[in-house]
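In what follows, a structure is listed as structure tokens, so that the remarks can point back to it.
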Amino acid sequence: MWLNFGKSTQMLHPQSVETVPLLHPIFEEKKIEVSMLRLDQVHSSVSGNKFFKLKYNLEEAKNQGNSTILTFGGAFSNHIHATASAANQLGLKSIGVIRGEEIDQTNPTLAHARDQGMHLHFISREEYRKKNSEEFIIKLKDTFGDFYLIPEGGTNPLAIIGTSEILTQQHQEYTHICTSIGTGGTFAGLALGLKPKQILMGFSSLKGEFIREEVQQILSKNVIQSVGKLDINTNNHFGGYAKWTPELIDFIGWFWKEFRIPLDPIYTGKMVAGFFDLVQKDQFAQGSKILLIHTGGLQGNAGFYHRTGIELPIL
């Protein structure tokens, strides 16, 4: 079932998302076919994988009779942006617990969340680290009353069910599925929806090998045993989460000029840059058909400009 985001917006279906062939001489040279699934187009303000993570959670909140959603995120969080939008359009109240008291509270992400009616609650980074503790959640309920809790990044069992629906029958022809990894929920959902002989390649936006264990814990906790092959790449983080290099910015600009598709520097930009690196290193057999998943996050490009003065493409 798909959520209907308000009376003015049509109920969304997977068919509304384009799968765009990417044509480039290097793909011809390597004898591979490449396409991009434009999940950034799934909704104007509930973009990309966040739509799939939120839809069953918001439905469950309504089923439980909860009128308030509470979640966590950083100052430029795609999840905060999407949750505020979706809750507002469904007539739900929302609370965003934001990491850091010293941050610029006027940035585009937080301004949008406020415009959507989200109450922003700023806490110290030290206190934020307690966000998963029962004691801290009780303290929040003492402050705000009852709420439906969605974790940071949106990853929970209902989110995984949602992201398992990203791949549809039309995507069975692909040999490789490539996606970015943040909290690992989208990767887990895609693993659940994978077909035999397909390879799911996750490109971590975080620095460190710990992400392999975190993803494995999510798979184990949700009893996911994929029938396809799973692979995690940790070499293209460009310095770590929310970090970037001039080379990454140059790549995003080049990709826009070549394909007229905007990328973000936090998730999809790093994934696509990592993919091109593997192509140049002949990591894909001739005849491979590869699907790159654009997981959205383009709202963050305005925030990136706000922080750095560097303007990135955005439709």
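Readers should treat all values here as calculations from the given coordinates under stated rules, not as data from a laboratory. Quick caveat, the model's predicted, so the values are computed rather than measured. Cβ: placed from backbone, ideal geometry, glycine included. Neighbour counts: every protein chain shown.
Taking VAL272, VAL20, VAL97 in turn, the Gaussian network model of the chain (Cα-Cα springs below 10 Å) assigns the largest fluctuation to VAL20.
Taking 0.36 nm per residue of separation and subtracting the Cα-Cα distance, full extension of the segment from LYS139 to GLN283 would add 46.8 nm. Annotation: amide H of LYS229 within the under-5 Å range of LYS197, GLN198, ILE199, LEU200, sequence separation 5 or more or interchain, hydrogens built in the peptide plane. Among beta bridges identified by DSSP and lying wholly in the chain, the antiparallel ones come to about 10 percent. In order along the range 73-86, phi translates into HN-Hα couplings of x, x, 5, 10, 5, 4, 5, 4, 4, 5, 5, 4, 5, 5 Hz, rounded to whole numbers, per the Karplus curve 6.51 cos²θ - 1.76 cosθ + 1.60 with θ = phi - 60° and x for Gly and Pro. By the count of neighbouring beta-carbon atoms within 10 Å, fewest first, GLU152, GLU135 end up ordered GLU135, GLU152. Over 20 Å between C-alpha atoms is what I'm after, so list which of LYS62/LYS93; LYS243/LYS281; LYS50/LYS289 land there. Flagged as over cut-off: LYS243/LYS281; LYS50/LYS289.
Database remark: amide H of HIS43 closer than 5 angstrom to the amide H of GLY48 (H placed geometrically; neighbours at sequence offset of 5 or more, or on other chains; Pro and chain starts carry no H). For THR106 and ARG129, a Förster radius of 25 Å and the Cβ-Cβ distance give a FRET efficiency of 0.50, rounded to the nearest 0.05. Loop-resident trypsin sites (Lys or Arg not before Pro) (DSSP state other than H, G, I, E or B) in the range 134-216 with no more than 16 further Cβ atoms inside 10 Å of their Cβ: LYS197, LYS207.
Going through [x] 18.7, 55; [y] 19.0, 62; [z] 24.1, 88, the figure that equals Rg and Dmax of the Cα atoms in Å as computed for the structure here is [y]. Sequentially through the range 252-257, phi angles give Karplus couplings (6.51, -1.76, 1.60; θ = phi - 60°) of 4, x, 4, 4, 4, 5 Hz, Gly and Pro residues having no value and appearing as x. Each of THR163, THR308, THR155 was scored by other Cβ atoms within 10 Å of its Cβ. Arranged with the fewest first, they read THR308, THR155, THR163. Fully extending the segment from LYS257 to LYS195, taken as 0.36 nm per residue of separation minus the present Cα-Cα distance, adds 19.0 nm.
Helix-only arithmetic for the chain: the sum of -39500 (n - 2.57) across DSSP H runs with n ≥ 4, divided by the residue total, places the mean residue ellipticity at 222 nm at -11000 deg cm²/dmol.
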